[in-house]
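Encoded as C-alpha cells, the structure appears first; notes follow it.
The values are calculated or read from the model by the stated rules, or taken from the named source; none is laboratory data. The shown structure was predicted, so the numbers you read here are calculated from the model rather than taken from an experiment. Reconstructed Cβ throughout: ideal geometry from the backbone, glycine too, with neighbour counts over all protein chains shown. Accessible surface areas use protein heavy atoms only, side chains included; no ligands, DNA or RNA. Shrake-Rupley method; radii C 1.70, N 1.55, O 1.52, S 1.80 Å.
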Amino acid sequence: MKNSHLKTWLLYALMLILFGIFSYVLFKKGEALDGLNAIKHTVVTTNVSGLDMFKTSILHNLVEPASMLLLQIISILIVSRIFGYLFAKIGQPTVIGEILAGIVLGPSLLGYFYPEAFHFLFATKSLGNLYILSQIGLILFMFTIGMELNMGELKEKMGKIYVISHASIAIPYFFGMLLAFYVFQEFATAQTTFLPFALFIGISMSITAFPVLARIVQEKGLTKTQLGTVSIATAAINDVTAWCILAAVIAIAKTGSFLSSLYTIGFSVLYVFVMLLLVRPFLKRVGEIYSNSEVLNKSIVAFLLLILIASSWLTQVIGIHALFGAFLAGVVMPPLHNFRRLVIEKIEDVSVTLLLPLFFVFTGLRTEIGLLNTPYLWMICGVFVLVAITGKFAGGAFTARILGENWKDSLSIGVLMNTRGLMELIVLNIGYEMGILPPSIFVMLVIMALVTTFMTTPALSLINHLFPEKDIEKEYIIQQTQGIFKTLIAMGNPENGKALLNVAKTVLDGTKNSLAVSVLHITPGTDTNPIYGEQFSEGSFKGIKDEAKILNIPIETEYKVTDNIESGIVKSTNQNNFDFLLVGAGLSLSGIPFIKESRLFQNIKWLNNIINNISKQQTFFYPGTLIKDKTRYFIENSNCSVGVFVNRKFTGISTVLVLLHSESDVFLLRYARRLLRNNSEVSISIMDINKLTSTSDIIRDGIYELRQQFPNEVKVTKLTRLNSTILTKHSFMLISYQTWNTVCTVDKKEMKYIPSTLIINKMVSRFHTGARNKIVSNSPIDSVGEDL
C-alpha cells in the first residue's frame, strides 16, 4: 500500500517537473517572436511599475458592471440581514427591517451623510442591472404568494369572510379616493389625470400584505384559533381581489379612461379563464405524477418556471403588469400540498433571501424623505397614515363585529388588515414607474406602509391586554384544587423529545397529583413559510407521540414559529399556568458528549456564542456556559420551577446521584422520592458535599425519612468531592441550579464525566405582588409542607 502511494506521488512530481521544463523552453522560444512582432508593429512602451499596473487593474475591475453589481448585492444583503435581525429581536416582522435597510442605503441617509460613497455604490448608470434582478425577485416572490393560497379552502370560507374581506377593501378604497380629491391639484404632476391618480391612492389604502399577516398570526400562535382562521382567509381573499383590481387600475391608467381600457380588461379576463380552465387542470395531472422530491427533477422545475415566465410576459404585453401573471401562475399550480411545498422550497430561498432585498433598496433609492421638508408636508403625511389606518380598521373590525365576531377578535382583525408591508411597496413602485404617483406622495405612502405594518404587533398586544382571556391566578387555584401538575416540555431537537418525556414521567409524576404534559416545539425564524407549518408540526411530534403511547402518558402538542425562541417558551409557560418547565440543553447531534465537542471552542467564548446564534441550536457547550445564556433566561423569567436536562447518551434512569450543597437543596429529596416511587429498580446515592447532615436539621431529617421509606435503595456516600469514578458509576444526576454553578467552578475538570443530568431551579412563590404573594406553589413536588 505504501509503495503504491509513493509511486503515485513520484509520478505526480515528475509530471509537474516536465510541465515546468517544457513551458520554460516554449516561453524562451516565444521571446524571439516578440522581437519580430515589435519590428512589424510599432509598440509604445511605458515605464510603469508592476505595482502601479496592479493598482490600475484593481481600480478598473472594481468599477466594471459585474463587480459593481456584486458589491451592491453584498452591501444590500449585509445591511438588510442586520436590520431584519434587529427588528425580529423587538418582535417585529423582518420585512420592516429590510424595508428600512433600503431607506438607509438610499438618498435619505447614506446619500445625505456620505454622498460620495452613495454615488459610488449606487451610480445611476449601474442601477439597470440591479433593477432587472429586483424585478426577477418580485416575479418569483409573487409566484410563491400565489402558491401559498389554497383556493379550495377559500371557496369553503366564503360568506362572512368574503364580506369582511371586501369591506376591508371597499371602505379604505373610497377613503383613499376621497383623500386624492383634496390633494390632487397640489401634488399630482401635470400629465396625470384624476382618475388614475385616485385609483392608485385608493388601491394603496386597501392593500393587505397576506404573507406578512400570515407570519404574524403564526408568530402569535393563532393559526388554529378562530381569529387566525378568519384573518388569514380574509387576507387571502383580500390579496386575490386587490390584485384583480390592480390589474384593472393599471389598464385604466395606461389607456387614460375606463372605456378605452375595456379591451385590456377583456383580454385579461380571457387570459384568467384560460389559466383557470385549461392550464390548471393540466398542471393538476402533472402534480399528481411529480408529487415527491425523487421525481420532481430539473426538467419539471424548468417547465414550471417556463409557465411562470410565459405568464408574466403575457400579462406584461396585455398591459396589466408581469407581477399579476406571476401571481396567477402560482394560483394555478396543482392544489397538492406536498407538490407546492417542494416547488416553493426550490424557489423561495433565492427570491426572498437574495433578490427581494434588492427591491427594498430600489424602493429606498426612490424614497427621499428630505422631500418632506416642511411641517405642512409632514401633516399631509400624517393625514395619509390616519386615513389608511381608519379605513382598514373600520372595514375589518366593524364588519366582523356586525357579522357576529366578539369585540376582541373584531378589533384584532381590524389591526391585522392594516398590515401592508411588501405588497404595498409593490403597488407604490408600479404607480411611481407609471408616473402617476409623484415623489412626495410616494414618500408619504412608503412611510404609511411602514407605520401601519410596524403598529400591528404592539396593537395586538394592547388588545390582548384590554381583553384578557383568563384570570391566571384564579385558574391556578382551580388547577391546584384539582391536583393537576402541569408540565411543559420545550423540545428544541425532536430527537431529544423521547428522553425529555421519559424524565418527566419518572421524575415529575406523583401519587398525589395528576401529571399533565404539554410539548412545545418552536421553529426559529418567522421567515419560515406558513405552508411548511403543518408538515414541521407532524414531523416534530411523531417520535414523542409514539413514546407517549408506550409510556401511557396523554400529551398535548403546540407548534410555533418565532424569531425569539426563549421569549416564546417563557410566554407559553406563564400564560398557561405551568407548574414545571422542562427544557433540553447540550445534546450533541452526532451523539458525541457535548463537552468533548466543545474543546475546539471552550477558550474562545465569543466564537462559541456566534456559532450558537447562527445554528440556532445549543450544540456547542462546556459547563461554565451551559446555563449562563438561554437557559438562564428561562430560569429568571418563568413563573414556575425549571428543569434543564443535559442529555449524555440517555437510555434510562437506574442509578441516581443526588448532590446536596446547602439547605436550599432539600427539595431534591422530594424529586428523589418521586423517582423511587415511579421506578422500583432505581437506586439513589446522596452526596453531602458540605457535610450538612451534621449542621442542618432539615437535611438530616429529610435524608433519614427517605432512607426509612426506601432503606435498600438509598445510601449516603462518604465522598464530598466529585470525581470521575462516582460520576461514571451513575446513569443520572439530580442537582440544583445554584449547586451546578458552584461545582462547575470548583470541580470543572471532573464535569466532563457527568451522566445525563437534570438541573432544577425551584420556584418558591408563584405570584410576586399584592394578594398573589399569599399563594405559594402547592404542587406535591415543590411544596415545603409536603410530608417526606
Checking the structure you have, find out if any residue of region 635-646 is at pLDDT below 85 and of a type outside the set (D, E, K, R). yes
Complete set of residues in region 309-327 that are in contact with a Leu (Cβ under 8 Å, 6 or more places away or on another chain) and part of a helix (DSSP H, G or I): 311, 312, 315, 323, 324, 325, 326
List the number of the failed condition for residue 356; all other conditions in (1) surrounded by fewer than 23 Cβ atoms within 10 Å (Cβ to Cβ); (2) of a type in the set (A, V, I, L, M, F, W, C); (3) farther than 27 Å from residue 118 by Cβ hold. (3)
Let me spell it out: the conditions are (1) more than 30 Å from residue 358 (Cα to Cα); (2) modelled with pLDDT under 85, and residue 25 meets all of them except one. Which number is the exception? (2)
Among the residues of region 729-756, what is the count of those that are in contact (Cβ under 8 Å) with a residue 60 or more places away in the chain and farther than 16 Å from residue 632 by Cβ? 13
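Pick out, from region 179-291, the helices (runs of 4 or more DSSP H) lying fully within it that include 3 or more residues that are crowded, with 21+ Cβ neighbours inside 10 Å.
Details: elements: 194-206, 210-219, 226-255, 262-274, 280-289.
In region 179-291, 194-206, 210-219, 226-255 are the helices (runs of 4 or more DSSP H) which contain 3 or more residues that are crowded, with 21+ Cβ neighbours inside 10 Å.
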The residue that is surrounded by the most Cβ atoms within 10 Å (Cβ to Cβ), considering only those in region 411-431 that are of a type outside the set (A, V, I, L, M) and farther than 30 Å from residue 135 by Cα, is 412
Show the residue pairs that are 6+ apart or on different chains and have beta-carbon atoms under 6 Å apart, the first residue being within region 407-421 and assigned to a helix (DSSP H, G or I), the second being charged (D, E, K, R). 410/401
Would you pick out the residues in region 758-767 that are in a strand (DSSP E or B) and either in contact with a Cys (Cβ under 8 Å, 6 or more places away or on another chain) or modelled with pLDDT of 85 or more (or both)? 758, 759, 760, 761
Being at pLDDT 90 or above and closer than 20 Å to residue 422 by Cα is the requirement here; does residue 78 meet it? yes
Checked region 393-410 for anything farther than 16 Å from residue 459 by Cα and either surrounded by 15 or more Cβ atoms within 10 Å (Cβ to Cβ) or among the polar types (S, T, N, Q) (or both); matches are 395, 398, 399, 400, 401, 403, 405, 406
Go over the candidates 345, 368 one by one and state the one that is among the charged types (D, E, K, R) and at pLDDT below 85. 345
With respect to the numbered conditions (1) under 18 Å from residue 505 (Cβ atoms); (2) within 42 Å of the chain's Cα centre (by Cα); (3) charged (D, E, K, R), which one is the sole condition not fulfilled by residue 681? (2)
Which number in (1) under 24 Å from the mean Cα position of the chain (by Cα); (2) crowded, with 22+ Cβ neighbours inside 10 Å marks the one condition that residue 388 misses? (1)
Go through (1) charged (D, E, K, R); (2) free of Cβ contacts under 8 Å to residues at least 40 places away in the same chain; (3) touching a helix residue (DSSP H, G or I) at 6+ places or on another chain (Cβ under 7 Å) one by one and return the number of the condition residue 186 breaks. (3)
Can you work out which of the residues in region 742-757 that are at pLDDT below 85 and of a type outside the set (Val, Ile, Thr) is farthest from residue 580 (Cα to Cα)? 749
For region 706-719, state whether one or more residues are of a type in the set (A, V, I, L, M), in contact with a helix residue (DSSP H, G or I) (Cβ under 9 Å, 6 or more places away or on another chain), open to solvent by 10 Å² or more (accessible area, probe 1.4 Å) and over 21 Å from residue 583 (Cα atoms). yes
Hey, which of the strands (runs of 3 or more DSSP E) in region 639-757, taking only ones fully inside, have at least 2 residues that are over 26 Å from residue 566 (Cβ atoms) and not acidic (Asp, Glu)? 655-660, 683-688, 714-717
With criteria (1) surrounded by fewer than 18 Cβ atoms within 10 Å (Cβ to Cβ); (2) within 18 Å of residue 572 (Cβ to Cβ); (3) modelled with pLDDT under 75; (4) not charged (D, E, K, R), residue 518 comes up short on (3)
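Show me the helices (runs of 4 or more DSSP H) entirely contained within region 54-139 in which 3 or more residues are surrounded by fewer than 16 Cβ atoms within 10 Å (Cβ to Cβ). Walk me through how you get there before you give the answer.
Values: elements: 65-89, 94-104, 110-113, 115-121.
Output list reads 65-89, 115-121.
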